[in-house]
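Below is one structure, written out as structure tokens, with a few remarks after it.
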Amino acid sequence: MADSSIKKFHEKNRDERFKIVESFARLSKEDIKILQSNGGISFDEADHMVENVVGTLSLPLGIATNFKINGKDYLIPMVIEESSIIAAASKAAKIARKHGGFVMKSDESYSIGQIQIVDVNAKSATPKVMKASGKLLKLANSKSKTLSKMGKGAKKITCKTLKTKLGTMLIVELLIDVGDAMGANVTNTMCEGIAPLIEEITGGRVLLRILSNYSTRRLVKGTAVFDKEEIGGRQVVSDIIHAYHFAENDPYRAVTHNKGVMNGIIAVANSTGQDTRAIEATSHAYASKNGNYASLTRWKKDKQGNLVGEIEIPMPVGIVGGISNVHPLIKVCMKILGVKSAKELGCIIGAVGLAQNFSAMRALVSEGIQKGHMKLHAKNIAISSGVPKNKMHEVVSRMVREGNVSVSRAKEILKEL
């Protein structure tokens, strides 16, 4: 059975890392070539994805180790430009392994489509729509033969009335099981497909016909136990819980707290070709579900005094359709993960978000967030200052030791050397 707890992965050279990942994920020689291509996409491929293409932009692709999720080991590709994120996730996963890793579960992949009707008597129109719901669902499902064959597709019609300054609006909502797709395109297609019939039924005028990115029907929930001794003792556990309650009760802290959660989530979403804007939008909306912006995670002690973390977050992701079927490097990342369903991918992403949140809070209540960032930041500064490779270690070490990380100081140290 594959084991993701790889010792000193960060100290190995590129070829050694390739061999480990190749063996773990059973990658082909072609897969390795794509990983070595520094971006995995040509200009012509990019030119077919978006408009007015002039080039491509690469970001670092790293591997988070040590993750055990629902009893299965994963090496997790993460694409992010911020230093220390991947190392922090790997360290958190290593600590969580002692108590079995992450236990995650995911809802079915239900997408919500909305049809806005204006110039309508909502009170009389609503029962007419509900009476015709069977006909509307049949019409919606005729727009996707693939989902229908799989026993998925449009499942339910609901109505709600909105009273606005411009008058009353009727909103017809379509609940759709999109299976392993993210589902935006099929949701929009179904909404547009049933709009003329809704106009006929209601006597109103249909305006917007589009999915809602507030994905409250596709939540990911999970938990992990972090051993009190591994993280520095009971005081650290208590301090992390205090830090959580700060975020839970103050939106100024909560925004930064949740940004730390999203550091992990978006890094995995990037590597697997997900709609990161949809994930960000629904996550922050969900953080405000009780009327105040608060933490996406919860932290407490168990009976043994260990730290217990929980996460609950909407996760609109897919493994079919979109860029995940087009981008060569994203295909390889998906192969490294070895996921079989959108629900499994959602569980992985949620686990990384919880791990990232733990690492950030642990650093904040102990040595501070800057210690882990500073060495990597200093290396970036040294590179931008023209420090050669054979002088890099000394320049970086001195800047960190002095607490003076700047281009001018890097150049001064280099001159002294």
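The values are calculated or read from the model by the stated rules, or taken from the named source; none is laboratory data. Treat the numbers as computed from the prediction; the structure is a model and nothing was measured. Every residue, glycine as well, gets a Cβ built from its backbone with ideal geometry; the counts of neighbours run over all protein chains shown.
Some points to look at:
- Residues that are among the acidic types (Asp, Glu) and modelled with pLDDT under 85 within the range 374-417 comprise just one, Glu402.
- Test: residue in the range 113-129 that is without any contact (Cβ under 8 Å) to a residue 12 or more places away in the chain and more than 25 Å from the chain's Cα centre (by Cα): yes
- Of note, Ala267 satisfies the criterion of being modelled with pLDDT of 95 or more, crowded, with 23+ Cβ neighbours inside 10 Å and not in a loop (DSSP other than H, G, I, E, B).
- Boolean, Ser124 is under 23 Å from Asp180 (Cβ atoms), of a type in the set (Ser, Thr, Tyr) and not in a loop (DSSP other than H, G, I, E, B): no
- Which listed residue is assigned to a helix (DSSP H, G or I) and either under 16 Å from the mean Cα position of the chain (by Cα) or not polar (S, T, N, Q) (or both), from Ile63, Ile76, Ile86: Ile86
- The single condition from (1) outside the structural domain of Ile115 (by TED's automatic domain parsing); (2) more than 24 Å from the chain's Cα centre (by Cα); (3) more than 14 Å from Leu364 (Cβ to Cβ) that Leu207 fails is (1).
- Residue in the range 184-194 that is over 24 Å from Gln274 (Cβ atoms) and touching a residue at least 40 places away in the same chain (Cβ under 8 Å) present: yes
- Unique match (being of a type outside the set (A, V, I, L, M, F, W, C) and surrounded by 14 or more Cβ atoms within 10 Å (Cβ to Cβ)) among Lys143, Lys135: Lys143
- Residues being out of contact with any Pro (no Cβ under 7 Å at 6 or more places or on another chain), surrounded by 12 or more Cβ atoms within 10 Å (Cβ to Cβ) and in a helix (DSSP H, G or I) - total across the range 20-39: 9
- The sole residue among Arg218, Arg234 that is within 20 Å of Ile95 (Cα to Cα), touching a strand residue (DSSP E or B) at 6+ places or on another chain (Cβ under 9 Å) and basic (Lys, Arg) is Arg234.
- One residue alone among Gly167, Gly101, Gly151, Gly183 is buried (at least 22 other Cβ atoms within 10 Å of the Cβ) and at pLDDT below 95, and that residue is Gly183.
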